[in-house]
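The values are calculated or read from the model by the stated rules, or taken from the named source; none is laboratory data. Everything quoted here is computed from the prediction, not taken from an experiment. Here Cβ is always computed from backbone atoms with ideal geometry, including for glycine, and neighbour counts include all displayed protein chains. Accessible surface areas use protein heavy atoms only, side chains included; no ligands, DNA or RNA. Shrake-Rupley method; radii C 1.70, N 1.55, O 1.52, S 1.80 Å.
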Amino acid sequence: MSDTKTFLITGVSTGLGRALARAASAAGHRVVGTVRTPADARSFEALAGDVHARVLDVTDHVAVDRVVGETERDLGPVDVLVANAGYGHDGLFEESSMDDLRRQFEVNVYGTVAVIKAVLPHMRERRAGHIIAVTSMGGLITMPGLSFYHGSKFAVEGILETLGKEVADFGIHVTAVEPGSFRTDWAGRSMVRAPRVIADYDELFEPLRARRIHGSGRQPGDPDKAAAAVLRIVAADRPPTRLLLGTDALRLVRAGRDAFEREMLAWAELSASTDFDDVSRSA
């Protein structure tokens, strides 16, 4: 059986999506990449290899179904879906609007789910496939000023973990890829920043926002190495449910899990006190 696969990757204009598309194409795979504009489509199709651009807004769910259907019909079965399209919202909870929250979820959650739902019936029928979604270390830990972004990524993490359990018997793998800080446009062009209006938060938030802005382009993560790591799990017989990318992601997620463990143990007696008495006696 050939190792050549057809990838469908959303958000290939820049960043991790672009790096993964280049790496998959260089490895001999066919790559269908979604972009937002015709200019980005022309740029993508100028890459070497078997690459095909599709202009798509992942929040247009009818268009998502159409693009997936056309890909399956015209280019062959989608073996690997990488739901990568998304953006970051930088803003304190109190300073961010309900419209900000709605837009964040429309792209990061609903857009991701729409693409997965469009591909899944084809994979289930074939009893094969790999669904990958690029979430973030921010789907496992939190930092001030990113509450809406974290909420969207935590949501995707829960959806993916549950989906993986539902489709495991169909030969379909599901992986959440959780990058740390990479040299992409995430903290630059792809970041939406809420205006500052409440002075009470200045001491906490201003240094954090400045660090994100000035650190853009200096992050430790290499997108090309991230792409190589994703290709390794695609080739694995038993790919992981989660894959952290970057030493900062490993460090921060470990610290977050350790803090949760300590707090859980500190309050374990109170947690256990809420059962009916007959349950506690039989335990």
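Peptides 266-277, 159-170 ranked from most to least packed give 159-170, 266-277, packing being the mean of other C-beta atoms within 10 angstrom over each peptide's residues. Calculate the tail of P(r) for the range 133-283: the fraction of all Cα-Cα distances greater than 18 Å, expressed in %. Looking at the range 133-283, the distances longer than 18 Å represent 69 percent of pairs.
When the Cα atoms of the chain are enclosed in a convex hull and the volume is divided per residue, what value in Å³ results?
171 Å³
Taking the empirical scaling 2.2 N^0.38 Å for compact globular proteins as reference, the range 208-261 has a Cα radius of gyration ratio of 1.44. Counting protein heavy atoms only, the range 37-165 has 56 percent of its accessible area on carbon and sulfur, 1.4 angstrom probe. Among the listed pairs LYS5/LYS117; LYS165/LYS225; LYS5/LYS165, those whose Cα-Cα separation exceeds 22 Å are LYS165/LYS225; LYS5/LYS165. With all protein chains kept in place, the per residue accessible area of the chain amounts to 53 square angstrom at a probe of 1.4 angstrom. Here the average projected area of the convex hull drawn through the C-alpha atoms of the range 14-126 stands at 7.9 nm².
About the Cα centre of the chain, what is the dipole size in debye to 20, counting +1 per Lys and Arg Cβ and -1 per Asp and Glu Cβ, all else neutral? Present the calculation step by step, with values, prior to reporting the outcome.
Details: 34 positive and 39 negative charges, 214 e Å.
For the chain, the charge dipole is close to 1020 debye.
Would you compute the Debye intensity of the range 62-154 from its alpha-carbon atoms alone, equal scatterers and no solvent, and pass along log10 I(q)/I(0) at q = 0.11 Å⁻¹ to two decimals? For the requested q values the scattering log ratios are -0.39.
Distant-in-sequence amide contacts of THR34, defined by a placed amide H-H separation under 5 Å and a gap of 5 or more residues or a different chain, comprise ILE9, THR10, GLY11, VAL12, ARG54.
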